[in-house]
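For reference, the structure discussed in these notes is given below.
The values are calculated or read from the model by the stated rules, or taken from the named source; none is laboratory data. Please read these numbers as outputs of a predicted model, since none were measured by experiment. Every residue, glycine among them, receives a Cβ derived from its backbone with ideal geometry; neighbour counts consider all protein chains shown. Accessible surface areas use protein heavy atoms only, side chains included; no ligands, DNA or RNA. Shrake-Rupley method; radii C 1.70, N 1.55, O 1.52, S 1.80 Å.
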Amino acid sequence: MDVLVCLKRVPLAGGTLILTPDAKDIETKHLGFGISPHEENAVEAGVQLVEQMGGTLTLLTLGPSDAEEQLRAQLAIGATRAVLLETDGQEWDPQGTAAALVDAIKAEETQFDLIIFGAESVDSAGYQIHVRVAHALNRPIVTNVKAMKIENGVASCERVVATGREHYEAPLPAIVTVRDGLNIPRYPSVPGRMQARKKPVDMKKAEPRVPKLEKLNLTIAPSKSTGAEILGNGADAVPALVEVLKKIGAL
Amino acid sequence: MILVLVDHDRGELDPLSLRALTAARKLGQDIEAVVIGKDGAGVAGVVGEYGAKVLHVATHADITDYTPQASGRALKDLVEKLNPAAVIAAGSPRGNEQLAHLAAFLDAPMASDCSSITLGSPHVVQRARWAGNLIEEANVHSPLLIASIFPFSTEPESANAGAATLSEFQPILEASDTVVRVLSRDSGESKSGGVTLTDAKVIVSGGRGVGGPEGFSKLEELAALMEGTVGCSRVVTASGWRPHAEQVGQTGSKVAPDLYIACGISGAMQHIAGMKNSKTIVVINTDPEAPILNYADYAIIGDLHQVLPALTSAVREAKG
Ligand SMILES: Cc1cc2nc3c(=O)[nH]c(=O)nc-3n(C[C@H](O)[C@H](O)[C@H](O)COP(=O)(O)OP(=O)(O)OC[C@H]3O[C@@H](n4cnc5c(N)ncnc54)[C@H](O)[C@@H]3O)c2cc1C
Ligand SMILES: Cc1cc2nc3c(=O)[nH]c(=O)nc-3n(C[C@H](O)[C@H](O)[C@H](O)COP(=O)(O)OP(=O)(O)OC[C@H]3O[C@@H](n4cnc5c(N)ncnc54)[C@H](O)[C@@H]3O)c2cc1C
């Protein structure tokens with residue numbers, strides 16, 4: 001079983017976001033970088049499949065050369081090798097990103113049985129890159145997968161919706177996008193980290209395309225400016241809260 | 001003309017689609033709606049009330065339940081026939097997925113999670129990034145605008161109009177379009193009182209401050225009393241205290257109940273993204289400086305293990 005996982009380097013921001021002076025990007029000077037949570041599940045799923053069935057796990061990213069850091073971190077989890085499509089720091093819209101990923105996948109010798117994406121990234125969440133890749137490669141795609149089994153050449157998948165769970169099947173070769181909750185991603189072992197340094201990362205230059213979705217600027221979304229009304233301390237404040245609940249009609 | 005994809009689950013309307021219709025009306029053009037699958041035809045009344053003059057119904061023997069790529073194909077056929085200025089859907093997982101298939105078929109750009117749209121050449125959109133913490137302004141260079149509406153940016157408003165006229169059409173599907181579809185379902189983990197997180201009017205949510213899985217019984221008791229349900233932060237699911245289905249936030253569910261009671265949750269950006277659209281937010285936290293207070297309406301500073309039991313008995317008393 002040969003698996004490919006697509007990743008994106010993103011800034012890890014926990015608290016408030018700060019913008020660059022030109023308001024085109026978020027200020028990342030004081031931030032670390034990583035990958036989105038769903039992608040950690042994607043890598044874990046790939047590692048498990050290769051453990052169970054043999055084969056290889058390849059990682060693919062489009063991003064700056066610094067994204068090698070994220071690839072090495074995931075190679076340490078158990079991936080076999082990685083491909084980095086190096087950008088010139090320019091902006092790539094989902095169509096351009098998808099086209100570059102498709103070219104890279106077609107250029108690979110391996111016919112990947114399964115390609116795994118994160119369901120959405122923390123910074124963009126455009127919900128389309130994976131569908132575009134599926135169309136270009138003429139493969140079935142199941143999105144938002146929370147549980148998956150590969151049996152007899154079929155990926156059987158579960159998606160969690162408001163009313164419960166939906167079951168889907170996709171014959172391999174297929175594409176899935178996965179969500180947090182699919183599995184519990186492992187931490188890299190010390191030997192894993194050592195090996196990751198020597199694993200191959202192919203660097204390729206990616207040719208930028210004119211974006212059809214063109215970012216102009218960013219603004220911070222407004223939040224409630226007044227802050228909370230403090231009703232009091234501890235259990236003594238409960239009567240005041242009950243009054244509030246009556247006022248808003250919750251009681 | 002603006003074409004709005006109205007999503008339904010076996011005939012039952014997705015309420016987010018009414019927000020998409022409302023947002024589409026603001027563009028000042030005629031509205032037509034489309035449903036995929038013949039059991040969607042029943043929404044003609046409400047879709048008309050929200051401003052659609054015509055409801056196109058994609059009917060095909062192979063579309064019996066949600067089949068996202070077939071939806072994309074049906075939308076493509078309809079776009080080629082009607083030539084709308086824009087195709088709009090709700091920014092729900094299904095809305096986005098079906099639009100993405102349309103965009104892939106047409107090799108056209110798609111803007112997801114839009115809170116504002118100005119049609120033109122180029123079209124200009126404002127869309128949510130970082131789970132709604134940032135708003136991005138972007139140009140869309142394409143004659144046809146394909147856009148989904150950020151779920152919480154538009155309140156549904158009726159246009160008080162009559163039912164839409166039905167117009168059936170049969171998309172021409174390829175075999176590959178119907179490979180991926182819902183094969184079966186089950187009702188999933190049963191939640192307290194049967195209320196799901198996204199439908200609940202009251203959510204009592206717990207974070208690291210709850211201290212462990214046992215502490216959640218206090219939250220469950222209050223939630224049951226108020227006919228609501230329990231939610232939690234990612235720390236809680238990552239620690240295995242509660243199932244992932246209860247997680248609120250960027251990588252969990254995005255909720256907007258009437259009342260959200262956050263107990264022992266600090267208010268990380270990724271948690272806020274999932275609950276800031278709640279009507280009233282109440283915080284119970286030992287830390288008067290916790291960031292979540294910036295997003296809340298009311299707060300009690302104190303230990304949730306003392307406040308919650310007192311609150312539960314006071315609520316029980318008030319209910320008589
Ligand atoms: C208007 C606009 C402005 C943008 N601005 C920026 C910007 O400022 N900085 C920036 O870095 N990007 C920017 N992008 C690019 C964007 O973040 C992604 O590269 C691309 O749009 C992702 O598509 P998506 O939103 O459908 O997928 P996402 O929701 O972002 O990702 C879904 C999954 O696709 C895969 N994936 C996504 N991107 C890549 C990638 N590059 N390589 C490999 N796999 C990937 C991952 O598995 C991910 O989990 C911008 C895009 C748009 C449309
Ligand atoms: C990409 C990404 C995605 C993420 N997605 C999500 C997501 O979907 N949902 C989510 O929730 N998080 C998400 N997170 C994690 C998020 O950043 C925070 O780590 C998490 O929300 C913190 O959870 P918490 O508030 O329970 O814990 P903490 O931040 O540790 O806060 C605990 C709070 O409890 C209070 N407290 C302690 N004891 C008591 C007591 N006895 N009584 C009352 N109060 C008490 C403390 O004062 C503190 O404010 C994500 C993170 C990343 C990087």
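To the nearest 20 debye, what charge dipole does the protein assembly as shown have about its Cα centre, counting +1 at the Cβ of each Lys and Arg and -1 at the Cβ of each Asp and Glu?
It comes to approximately 360 debye.
Using label points projected 7 Å from each Cα along Cα→Cβ, tell me how many nm separate B:S158 and A:V210, to one decimal.
With each label placed 7 Å out from Cα toward Cβ, I get 4.8 nm.
Hand me the GluC sites (Glu not before Pro) from region B:141-175 located in a DSSP loop with no more than 16 other Cβ atoms within 10 Å, in residue order please.
B:E157, B:E174
Can you tell me the FRET efficiency between A:S223 and A:N152 if r is taken as the Cβ-Cβ distance and R0 is 51 Å, rounded to the nearest 0.05?
FRET efficiency, A:S223 to A:N152: 0.50.
Can you say what percent of the DSSP beta bridges in the protein assembly as shown, counting only those with both residues inside, are antiparallel? Round to 5.
35
If ligands, DNA and RNA are left out, what is the accessible area of B:M110 with a 1.4 Å probe, given in Å² to the nearest 10?
Result for B:M110: roughly 0 Å² accessible.
Cross-link candidates for B:K254: which aspartates and glutamates have Cα within less than 15 Å, leaving aside residues fewer than 8 places away along the same chain?
A:E120, A:D180, B:D113, B:D199, B:E246
Using a simple charge model, +1 on the beta-carbon of Lys and Arg, -1 on the beta-carbon of Asp and Glu, nothing else, what dipole does region B:1-145 show about its Cα centre, in debye to the nearest 20?
Dipole size: approximately 260 debye.
Using DSSP loop states and a limit of at most 15 other Cβ atoms within 10 Å to flag trypsin sites (Lys or Arg not before Pro), what is the longest stretch of chain A containing no flagged site?
The answer is A:30-185.
Output the 0 to 90 degree angle, nearest 10, between the alpha-carbon long axis of helix A:238-247 and the longest principal axis computed from the alpha carbons of chain A.
It is inclined by approximately 80 degrees.
Have a look at the protein assembly as shown and give its Rg and Dmax from the Cα atoms, expressed in angstrom.
For the protein assembly as shown, the Cα radius of gyration and maximum Cα-Cα distance read 23.8, 72 Å.
For B:E220, what accessible area in Å² do you get when you roll a 1.4 Å probe over the heavy atoms of the protein chains, rounding to the nearest 10?
70
So which GluC sites (Glu not before Pro) in region A:3-59 pass both tests, a DSSP loop state and at most 15 other Cβ atoms within 10 Å of the Cβ?
A:E27
Keeping all protein chains in the complex and leaving out DNA, RNA and ligands, what accessible area do you get for B:D9 with a 1.4 Å probe, in Å² to the nearest 10?
My reading of the accessible area for B:D9 is about 40 Å².
Compute, for chain B, the length of the dipole vector about the Cα centre, with Cβ point charges of +1 (Lys, Arg) and -1 (Asp, Glu) only. Units Debye, rounded to 20.
Magnitude of the dipole: close to 280 debye.
Just list whichever of A:K8/A:K212; B:K53/B:K76; B:K218/B:K279; B:K53/B:K279; B:K26/B:K76 have alpha carbons separated by over 27 Å in the model shown.
Cα-Cα > 27 Å for B:K53/B:K279; rest within.
For region A:130-138, what does the Karplus curve 6.51 cos²θ - 1.76 cosθ + 1.60, with θ = phi - 60°, yield as ³J(HN,Hα) per residue in whole Hz, taken in order and with x for Gly and Pro?
Once rounded to whole Hz, the list reads 5, 5, 5, 5, 4, 5, 5, 9, 6.
Give, as a single signed number, the net charge of other residues whose beta carbon lies under 13 Å from the beta carbon of A:R72, with Lys and Arg counted +1 and Asp and Glu -1.
Taking every Cβ under 13 Å from that of A:R72, the sum is +3.
For the Cα atoms of chain B, what angle does the longest principal axis make with the long axis of helix B:93-106, in degrees from 0 to 90, nearest 10?
On a 0 to 90 degree scale, this one is about 30.
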